[in-house]
Each structure stands twice: as structure tokens, then as C-alpha cells.
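Only the coordinates and a few stated rules stand behind these numbers; no lab work does. It should be emphasised that the depicted structure is a prediction, and the values quoted were computed from it without experimental measurement. No Cβ is skipped: glycine too gets one built from the backbone with ideal geometry, and neighbour counts run over all protein chains shown.
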Amino acid sequence: MLKCPRDGSELVIEHHSGIEVDHCTKCSGRWLDHHELDHLEALAAPEEHTRRAMIEYAKRPSELNCPVCGEQMRAFNYRAYNLEIDTCEEEHGFWLDAGEEGQVRDIMEERVRGLERAASAEESWGKFLGRVGKKSVWDNIKGMFGGRRRR
Ligand SMILES: [Zn+2]
Ligand SMILES: [Zn+2]
């Protein structure tokens, strides 16, 4: 069981949209394993390879120590959301203070919803259109209407 880097309380595991989060019931801070934020990021923007560079931006020493290895963490600003997050340089995970919790949950829910929407949309289009090869969806739509207009 991990301990809160802010007050030393034991962290309780909870789940947000299928993502496992360690929660401090005292200060309401949250700890995400490194791969969990990674996972969310991968869902959000699989084509984006510049992510790490952007996360490194504005990195500075944190006042907190990693709950896994006890080393001093680094603070950085999470792009686009104006969030400050503390992270272990050994990639053990990320710490989010209570004030950031609502925003983080919004990000998670927004991203997981986005993924589900994209996946089901893609699946239903795939079923609807059949095996469409490498043509774009737009080509297929044009093809469908073109075909109908024939008679
Ligand atoms: Zn705490
Ligand atoms: Zn660590």
C-alpha cells in the first residue's frame, strides 16, 4: 500500500473510467501509475509523438517525494489543461493534488468517452460499409450516394 507524499496517509485504490487511481482520503490527492497516464495519453492522441517533450517543459523540483521510491519528484505543467503535476523521474507515477482532482477526472472522462465514441463509430461504420479497404470514409460515403443516385 502506497503512502500519500503530502501527509503520509495510506492511499486507497479506486477506479475512474477503468483507470486505477490511488486516492488519499485525507487530502484527496491522487496517485496515478506512470503507465496509467501514458495509457490515457495514448488514447487521446496516438499520432502525437511530441508528448514527452511537452511534458518536460516547465519542469522544476517538487516539494514532494515519490511514494514508491522516496526520491524527490519533479513538478511540471500538464499541457493544455493548466494542471500542475508532480512526477517521479524513475517513472513510478504522477501525483495530483486535491484541487486538481476535478480537472483530472474531467480529462479522464472526456478522453475515455472520446475513445468509446470513436471506437463504436468506427465499428458501426465498418459494419455498415463492409470491408472498405484503404479508401477514406468520405470516398465511401460519396460512393454510396453515387450508387443510389443511379436509378
Ligand atoms: Zn494525503
Ligand atoms: Zn519513484
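Length available on full extension from ALA75 to ILE13: 0.36 nm per residue minus the Cα-Cα distance, which gives 20.0 nm.
Close amide-amide hydrogen proximity is noted between LEU83 and TYR78, each under 5 Å apart and 5 or more residues distant or on a separate chain (H modeled in the peptide plane; Pro and chain starts excluded). The modelled label-to-label distance between GLU63 and SER28, using points 7 Å beyond Cα along the C-beta direction, is 1.8 nm. Residues whose amide H lies under 5 Å from that of MET73, counting only those 5 or more places away or on a different chain, are SER62, LEU64, ASN65, CYS66; hydrogens are built 1.01 Å from N in the peptide plane.
Under 5 Å from the amide H of LEU11 lie the amide H atoms of LEU2, LYS3, CYS4, each residue being 5 or more positions distant or on a separate chain, with H modelled from the backbone and absent for Pro and chain starts.
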